[in-house]
């Protein structure tokens, strides 16, 4: 098989499944009103999508709408729309993009409008802005909010009290709210069945992320990772289709390992792995491809990233447990990356650098995200001290292109990689 | 001899350094960066190689009587030849520019003006290079502007002509002059300089021997490395391009081997760099989303206050009290400074406050890069400003203790180019095909 055909085959199978999943979901959303479907808006980190789906409800994730708007080059106009309404320049740009999108009639990917929410499921995990975001939506849509409060993992561990508190909220508040909205009773068997599928997908997903321990890494665990986390962190966890996606992905990656191939990138396959990098922080979405290319040009492969843990963290062995659906849902919510303390984040990245044999790490800090960016420089210093590896620091934003300065970021990345090169190869 | 060069293409100036095989600096060249980066690089490099030839000449002429003075005179005479060469181009471009429609109603006056300008500009050059020994600036653009403005003001007053018209003519033409790479032939110009000084009637055979020796030495451009903001525009393959961070780290280590922390404040960026004992960078921070508090800030302030930029630091040193300026945003600082003036604050006190403001911002960046370690080397164009140095010394003392040794080299503006030239030498040696 030639490299070209291998690339097409390897790329297409899993990506086609994902494409089909996404277009199917947005088609369902576009037709939701005429088919009488009810809509729940909820957030990505530690989401309880299996439970929502078990009531026959459709979900929408505002962060996903914002980042997809940015990738479709729509976010700037939405952000401007929100600022016109009076939202400050310093407000989280995910929020402003989403507000602007709503103001513009919530256009979906194919232009058909997406539905307004019937319920706001506020699963609050580490991001304070989530509260304010749904306050704004409640005010606009006059719909109920159900709050699922997730205790912050300040001490770096999950206690029984925390778990019980979440289970109690699920039983007392969330399930009744979903029952009321859907008109259906809670069906634990249905929920358990979804958990089984989640767990199956999670095994293959974790295997895929761990494949980056190979040299060369067959995947890019940040830019490519964004696609790999798609089904599991968004609408599809707990479905047969998502499980199939991860099974196929695993097969493809297995083939790449056997052929000692590097990751596929939009610029073509990565032929040489000069640097192995760990990245902290989300990507910039307005210049996603350009940002990736800056790494590609330097032959830098991201072997692990914290962003691919924002939905949930699996490396400590967590899997959704069909035998204990509610308490394992609680553990999932508690364990997502945004709910972790700075010391836990430091430890996680330190471990990645060691386990994935990285040459260095880069922090991409997001200007408008105060709750997540605070402390990242302290993390950088601490990780440098613990690992002896140099960290690089770049700053831009999520979906506001005004804060992505390509020449400055390229300049910094080049300087950083040349610094690593010096360290690796000696003087020059 | 084999020569290695580094070029640092900065936002304000372009610097070049030539080194020999043993990493000794043998020549430096600097020019103002312009819209044509290729021309800026070529000119800086040419100047650095000319400087290298003068270095050889200086060595050769050591035994001459009154050698220092003779050498200096010869150098100035050479610079005059360069000035005259560019002046010739400028006069040509001024005449060409007259074809533009906006000048057509004043064609006769402007032609007359150019005719008057040429001898005055030649006279000015002869005066400042040969008699005063003090050209106003290192750059042709500034020197030409000085004499041009003087002649234009007189001419416009006499003819009741708009000064803006002559300014427009100059701006249009000087850009064309700057975007050309002028070909200064050392052999030719040194001969002209010698003849201008000594003539055929009054020969200095020993000096002529030294000149011939310098002329006869082959300076081979073996390898060059480029750096700086516009480095991607440099005519080098990628592997011969280094980031300015690495070059500043290595350059600072070359000048002061004890360096562990480097602060570089250039025209549009500020860098905090941590280096090890060999000058290898271990950590760095740069200003990212905005260039507040960089060298251009001082340029803007100088303009706002109508003070020549080089006078800004000395004036600030006369400060008697501490006026706090909060903003390092260039535009806001302008507003703040007008407010302070309106409050009755003294100009020098405000100026010192402005210098402290930029240094304070630089310290925050340094803290992000890992703090200040002993020894601490300050580089970049702003390091030439004594008020900035004073503010830095005070604030470093307050925040990191008095024991930190602060290094500032007189030619710290060349730090990046020195680092780049060192990389060139190393790359050549690492290849193993050195003689």
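Nothing in this text is a laboratory measurement; each read-out follows from the coordinates by a stated rule. Here the structure is a predicted model, which means the values were calculated and not measured. Positions of Cβ are generated from backbone atoms using ideal geometry, with glycine treated the same way; all protein chains shown enter the neighbour counts.
In whole Å and largest first, what semi-axes does the C-alpha gyration tensor of the range A:64-130 yield when each eigenvalue is scaled by 5 and square-rooted?
Equivalent ellipsoid semi-axes, largest first: 18, 17, 11 Å.
Does anyone have the angle between helix A:3-30 and the longest principal axis of chain A? Alpha-carbon axes, 0 to 90°, nearest 10?
Compared with the principal axis, the helix lies near 20 degrees.
Tally the DSSP beta bridges in chain B and give the antiparallel ones as a percent, rounded to 5. Don't jump to the answer; show the numbers that get you there.
On the way: 23 of 37 bridges.
Antiparallel bridges: around 60 percent, rounded to the nearest 5.
Could you tell me the largest-minus-smallest coordinate of the C-alpha atoms of the range B:78-189 on each of the three principal axes, in descending order and whole angstroms?
44, 28, 19
So what is Rg over Rh here for chain A, counting just Cα atoms and using Kirkwood for Rh?
Looking at chain A, the ratio lands at 0.95.
Count, for each residue of B:240-246, the Cβ atoms from other chains sitting within 10 Å of its Cβ, then give me the mean as a whole number.
That works out to 5 on average.
Once you wrap a convex hull around the alpha carbon atoms of the range A:190-257, what is its projected area averaged over all directions, in nm²?
For the Cα atoms of the range A:190-257, the hull's average projected area reads 4.1 nm².
In a solvent-free Debye calculation with one equal scatterer on each Cα, what is log10 I(q)/I(0) for the range B:124-196 at q = 0.12, 0.25, 0.28 Å⁻¹, listed in the order of the q values?
-0.46, -1.17, -1.22
Checking the a/c ratio against 1.5 first, then a/b against b/c, what shape does the Cα gyration tensor give for the range A:3-188?
Details: a/c = 1.39, a/b = 1.20, b/c = 1.16.
It comes out rounded by the Cα gyration axes.
If each residue of separation counts as 0.36 nm, what is the full-extension length gain between residue A:34 and residue A:347 once their alpha-carbon separation is subtracted?
Gain on stretching residue A:34 to residue A:347: 107.8 nm.
Cα atoms only, the range B:179-264: Rg and Dmax in Å?
So, for the range B:179-264, Rg and Dmax equal 20.1, 57 Å respectively.
In whole angstrom, note down how far apart the Cα centers of the range A:126-176 and the range B:312-345 are.
51
When you look at the Cβ of every residue in B:7-19, what mean number of other chain Cβ atoms sits within 10 Å?
0
Quick check on the range A:210-307: take the gyration tensor over C-alpha atoms, sort the square-rooted eigenvalues as a ≥ b ≥ c, and tell me if it's rounded (a/c under 1.5), prolate or oblate.
oblate
Highest GNM mean-square fluctuation, chain B, Cα pairs closer than 10 Å: which of B:247, B:294, B:329?
B:329
Once the Cα gyration tensor of the range A:190-425 is found, what semi-axes does its equivalent ellipsoid get, as square roots of 5 times the eigenvalues, in whole Å, sorted largest first?
29, 21, 17
How far is it, in nm, from the label point at residue B:213 to the one at residue B:2 when both lie 7 Å from their Cα along the line to the Cβ?
In this crude label model, residue B:213 to residue B:2 measures out at 2.5 nm.
Quick one: which of B:97-104, A:247-254 comes out on top by average Cβ neighbours within 10 Å, and what's the full order, highest first?
Result, highest mean first: A:247-254, B:97-104.
Of B:361, A:386, how do they rank once you tally other Cβ atoms within 10 Å and put the fewest first?
Exposure proxy ranking, most exposed first: A:386, B:361.
Pick from A:382, A:34, A:63 the residue whose mean-square fluctuation is largest in a GNM of chain A, springs joining Cα atoms under 10 Å.
Most flexible of the set in this elastic network: A:34.
Between 0 and 90 degrees, rounded to the nearest ten: what's the tilt of helix A:129-141 against the longest Cα principal axis of chain A?
40
With a cut-off of 8 Å between alpha carbons and a minimum separation of six or more residues, what is the relative contact order of chain A in percent?
19
Report, in degrees rounded to the nearest 10, the 0 to 90 angle that the Cα long axis of helix A:93-103 makes with the longest principal axis of chain A.
With both axes taken from Cα atoms, the answer is about 40 degrees.
Based on the Cα atoms of chain B, what semi-axes does the equivalent ellipsoid have, where each is the square root of 5 times one gyration tensor eigenvalue, given in whole Å with the largest first?
One finds semi-axes of 36, 32, 20 Å for chain B.
So, by mean Cβ neighbours within 10 angstrom, what's the order for B:257-268, B:337-348, A:404-415 with the highest one leading?
Descending packing order for the listed peptides: B:257-268, A:404-415, B:337-348.
Given R₀ = 25 Å, what would the calculated FRET efficiency be for residue A:290 paired with residue A:83, taking r from the Cβ atoms and rounding to 0.05?
Working: r = 24 Å, r/R0 = 0.96.
Efficiency, rounded to the nearest 0.05: 0.55.
For residue A:27 and residue A:259, compute 0.36 nm times the residue count separating them, minus their Cα-Cα distance, and round to one decimal in nm.
79.7 nm
Take each of the peptides A:360-372, A:107-119, average the number of other beta-carbon atoms within 10 Å over its residues, and list them starting from the highest. List each step's numbers first, then the result.
Numbers: A:360-372: 20.7, A:107-119: 16.7.
Highest-to-lowest ranking by the protection proxy: A:360-372, A:107-119.
Quick one: grab the alpha carbon gyration tensor of the range B:27-148, order the square roots of its eigenvalues as a ≥ b ≥ c, and give me rounded if a/c is under 1.5, else prolate or oblate depending on whether a/b is larger than b/c.
oblate
Looking at chain A, what % of its DSSP beta bridges pair antiparallel, to the nearest 5?
10
Principal axis lengths of the protein assembly as shown from Cα atoms, whole Å, largest first?
Cα extents, longest axis first: 114, 66, 57 Å.
Alpha carbon centre of the range A:375-428 versus the range B:139-215: separation in Å?
The two parts, judged by their Cα centres, are 46 Å apart.
Report, in whole Å, the centroid distance computed from the Cα atoms of the range A:70-96 and the range A:19-49.
If we compute the Cα centre of each part, the gap is 23 Å.
Mind sorting A:180, B:63 by how few other Cβ atoms lie within 10 Å of their own Cβ, fewest first?
B:63, A:180
Once you average over the residues of B:420-427, how many Cβ atoms of partner chains fall within 10 Å of each Cβ?
Mean partner shielding for this stretch: 2.
Have a look at B:81, B:336, B:398 and tell me which one the Gaussian network model of chain B (Cα, springs below 10 Å) gives the largest fluctuation.
Fluctuation is largest for B:398.
What is the Rg over Rh value, at two decimals, for the range A:9-79, using alpha-carbon atoms and the Kirkwood definition of Rh?
Result for the range A:9-79 is an Rg/Rh of 1.02.
Hey, what D do you get for the range B:258-408 in µm²/s if you plug the Kirkwood alpha-carbon radius into Stokes-Einstein at 25 °C and 0.890 mPa s?
The diffusion coefficient I find is 159 µm²/s.
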